[in-house]
Each structure stands twice: as structure tokens, then as C-alpha cells.
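The values are calculated or read from the model by the stated rules, or taken from the named source; none is laboratory data. The structure presented is a predicted model; accordingly, all values stated were derived computationally and were not measured. No Cβ is skipped: glycine too gets one built from the backbone with ideal geometry, and neighbour counts run over all protein chains shown. Side chains are part of the model used for accessible areas, which takes the heavy atoms of the whole protein and leaves out ligands, DNA and RNA. Shrake-Rupley method; radii C 1.70, N 1.55, O 1.52, S 1.80 Å.
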Amino acid sequence: MRKAERARKTNETDIKLSFHIDGEGEADIQTDVPFMTHMLDLFTKHGQFNLSVEAKGDVEIDDHHTTEDIGICLGQALLEALGDKKGIKRYGASLVPMDEALAQVAVDLSNRPHLEYRAQFPSQKIGTFDTELVHEFLWKLALEARMNLHVIVHYGMNTHHMIEAIFKALGRALDEATMIDPRVKGIPSTKGML
């Protein structure tokens, strides 16, 4: 069972998260950041994971701490759920259109965290959500999961569509990278370790 749970309680946030790699796209997401709730639901469905999140934070200030800490918890849970990474494909990529927008995500579960982020949005906010927090979430996810994550939004006019395409592509790319490939013997690296 490739799954893990994480809890994080600070003066700013209180988060409980459960992540199952080999799921059925079932999401139970309860956060006080509605836009992130929506994006995590999409990520889960398109990645065929099971994800449960209960997150409360100091949203009276802004959505930053809650969004960041969800990324931290999800990254840590993904890393633990992967275990020794034997037999996984390791790499995954997805190109996802969302109406007029097109986003591409590529991942390498390499144990070398890096985020390459090429996205410029027409709007700085979607409702109360600051669009710069997409970068914050993805960077913390990549850092804690110790993965190489490349995100490119090729084009788009609607900020919501552009970010939605990112999260759908992220789910699909991670689904591919985490798959067990029967042809892969041991760790998928010539180094013998990741």
C-alpha cells in the first residue's frame, strides 16, 4: 500500500493529510482556501490518487501559509508513499489543454528537488486567491517530495483555465512517474540509487 499521512500544526495552520498513490481519484478536500480546494480536487482526479486534506489557516491575513503548508505536507506524504522507489517509471510528463490555455508538466522523482516554473498570468487574483501562490505551492511540493518539477504554461487568456491546466497536468505527470513498470528492475537509475 503506497500511502502516507501527514499532520502539521503551527501558529499559522493546522493540516491533516492522507495520500494514496494507487487510488481511484477520490478526493475529500476541506480547506479554507476555496481555489486550492478546487485545484487539489482536479489534481487528485486526474492523477487517480486518493487524497484527503483538512486544512485550516490564518486566511484572515491571506492564503499564503495554508497553501504553502499543504504543499509541504503533500510533498512529504508523496515521498514517504513512494518508499524505496523500486520499479517506478520515475519520469512523467503531461500536456493538458483547458479551453484556450495549454500547460505542460514534466517530473523526475530523482531525489534532487528543483522547480522550473514558466507561467505568467493575466490576473494577479482569482477571487481572493493570489496567483503567485501557485509557484509557492509547487516549490514546496517539489522540495519536500525531492522531485524535479518543470511547469510551462504555453499560452492562455483566462487565469483560472491556465492554473487548472497546470494542476490537471501535474496529476497526470505524477501518475505516470509513480507507476510500477514490470520491466524496471530495482531502482530506475544507473547510479543504483535515487
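Computed values, structure above
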{"quantity": "Of all residues in the stretch 20-38 being open to solvent by 70 Å² or more (accessible area, probe 1.4 Å) and either polar (S, T, N, Q) or part of a strand (DSSP E or B) (or both), the one that is farthest from LEU51 (Cα to Cα)", "calculated": "GLN30"}
{"quantity": "Any chance LEU17 is assigned to a helix (DSSP H, G or I), surrounded by 23 or more Cβ atoms within 10 Å (Cβ to Cβ) and in contact with a helix residue (DSSP H, G or I) (Cβ under 9 Å, 6 or more places away or on another chain)", "calculated": "no"}
{"quantity": "Meets criteria (touching a residue at least 40 places away in the same chain (Cβ under 8 Å), surrounded by fewer than 20 Cβ atoms within 10 Å (Cβ to Cβ) and in contact with a helix residue (DSSP H, G or I) (Cβ under 7 Å, 6 or more places away or on another chain)) for ARG146", "calculated": "yes"}
{"quantity": "Only one of GLY186, GLY171 that is farther than 23 Å from ILE70 by Cα and open to solvent by less than 40 Å² (accessible area, probe 1.4 Å)", "calculated": "GLY186"}
{"quantity": "Cross-chain or 6+ apart pairs with Cβ under 6 Å, the stretch 112-126 first and assigned to a loop (DSSP other than H, G, I, E, B), then small (Gly, Ala, Ser)", "calculated": "PRO113/ALA142"}
{"quantity": "Residue list for the stretch 149-158, restricted to those being over 12 Å from VAL105 (Cβ atoms) and either at pLDDT below 95 or surrounded by 21 or more Cβ atoms within 10 Å (Cβ to Cβ) (or both)", "calculated": "GLY156"}
{"quantity": "Matching entry among ALA55, ALA81, ALA77 (being closer than 28 Å to ASN158 by Cβ, of a type in the set (A, V, I, L, M, F, W, C) and open to solvent by less than 40 Å² (accessible area, probe 1.4 Å))", "calculated": "ALA55"}
{"quantity": "Meets criteria (over 24 Å from MET1 (Cβ atoms), open to solvent by 30 Å² or more (accessible area, probe 1.4 Å), in a helix (DSSP H, G or I) and without any contact (Cβ under 8 Å) to a residue 40 or more places away in the chain) for HIS65", "calculated": "no"}
{"quantity": "Subset of the stretch 112-132 (residues that are more than 13 Å from the chain's Cα centre (by Cα), surrounded by 15 or more Cβ atoms within 10 Å (Cβ to Cβ) and of a type outside the set (D, E, K, R))", "calculated": "PRO113, TYR117, ALA119, PHE121, ILE126, PHE129, THR131"}
{"quantity": "Test: residue in the stretch 96-105 that is open to solvent by 10 Å² or more (accessible area, probe 1.4 Å), in a loop (DSSP other than H, G, I, E, B), out of contact with any Pro (no Cβ under 6 Å at 6 or more places or on another chain) and over 14 Å from THR31 (Cβ atoms)", "calculated": "yes"}
